[in-house]
Amino acid sequence: MKRSLLILLCTITSQLFAQNNNPVIPKSGSTLNSFIPKGWKIILQSSKGDLNKDGIADQAIVIENTDTANFLKNEGFGAKKLNLNPRILLVLFKSNSGGYHLAAKNKNFIPSENDEETTCLSDPLLGEGGITIEKGLLKIQYQYFLSCGSWYVTNTDYTFRFQNQKFEWIGYDEYSLHRSSGQQSITSINFSTKRRSETTGGNEFNDKDNKPKTIWKKVNISKLLNLETLTKEVIDQIL
């Protein structure tokens, strides 16, 4: 009997923990705070801008769990305590009445503050990254900077446009710099035109060594991917 109760208690605790990391987000709300589950917080708000061409300024936010169970002690390089709390991106359309409607969400490629495997990695989103709304486009920007283990710093930009009733992934840009040599590389992909450019041989520090060359390739995709279905695994396959 005691064993059965113990198993039941562990199961309930596990379910509560899972629900805490995967909360239910309401479809609508009067304010931004209406979309924040208990135990979570807003860590980033985008600039305001019209995403669905209705003349009303919309907004995107990133929320983060605050569960202490998602903090991990680190004995190696980097932060002494790693914050592995999950984050969720919420894209909110504003209505004429002043409230908001949930247009899209994704947590599958929103990085946490720290990384258990790459402990020297700075926060990709809040370091030099961010989220913006410009000319009707939603842009998610990350910077990958390591304080140990690598000289490279890489900026990646993901661009989405609301069309066909979803946020379709239409563009990707990547800029990489070697902080010691100044060596540069640039990749730019237009998924709408299925064209990809790769520029190598550039150098930010030395004009003599700055000899960039660009090649163009075709992108083999059958249809545009959308924000809600993007995962790190899918992105790695495309890139």
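The values are calculated or read from the model by the stated rules, or taken from the named source; none is laboratory data. This one's a predicted model, so the numbers in the text were calculated from it and none came from an experiment. Every residue, glycine among them, receives a Cβ derived from its backbone with ideal geometry; neighbour counts consider all protein chains shown.
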The correct count of residues that are surrounded by fewer than 18 Cβ atoms within 10 Å (Cβ to Cβ) and over 20 Å from T200 (Cα atoms) in the stretch 147-163 is 4
The one condition R195 fails out of (1) exposed (fewer than 13 other Cβ atoms within 10 Å of the Cβ); (2) without any contact (Cβ under 8 Å) to a residue 60 or more places away in the chain; (3) of a type in the set (K, R) is (1)
Checked the stretch 112-137 for anything part of a strand (DSSP E or B) and closer than 30 Å to D54 by Cα; matches are G130, I131, T132, I133, E134, L137
Within the stretch 60-92, the residues that are small (G, A, S) and not in a strand (DSSP E or B) are A69, G76, G78, A79
So, first residue outside any loop (DSSP other than H, G, I, E, B) in the stretch 35-58, second residue basic (K, R) and buried (at least 16 other Cβ atoms within 10 Å of the Cβ), Cβ within less than 6 Å, six or more apart or across chains; the pairs are D58/K94
Within the stretch 21-34, restricting to residues that are part of a loop (DSSP other than H, G, I, E, B) and among the aliphatic types (A, V, I, L, M), the one that is nearest to F160 (Cα to Cα) is I25
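Every residue, every condition in (1) over 24 Å from G29 (Cα atoms); (2) surrounded by 17 or more Cβ atoms within 10 Å (Cβ to Cβ); (3) in contact (Cβ under 8 Å) with a residue 40 or more places away in the chain; (4) of a type in the set (V, I, T), yes or no:
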residue: E64; (1), (2), (3), (4): no, yes, yes, no
residue: A69; (1), (2), (3), (4): yes, no, yes, no
residue: N74; (1), (2), (3), (4): yes, no, yes, no
residue: S97; (1), (2), (3), (4): no, no, no, no
Would it be correct to say that F109 is at pLDDT below 95, closer than 17 Å to E228 by Cα and part of a loop (DSSP other than H, G, I, E, B)? yes
Checked the stretch 76-95 for anything surrounded by fewer than 15 Cβ atoms within 10 Å (Cβ to Cβ) and over 17 Å from P26 (Cα atoms); matches are G76, F77, K80, K81
Residue hits (the stretch 62-106; touching a helix residue (DSSP H, G or I) at 6+ places or on another chain (Cβ under 9 Å) and charged (D, E, K, R)) are D67, K105
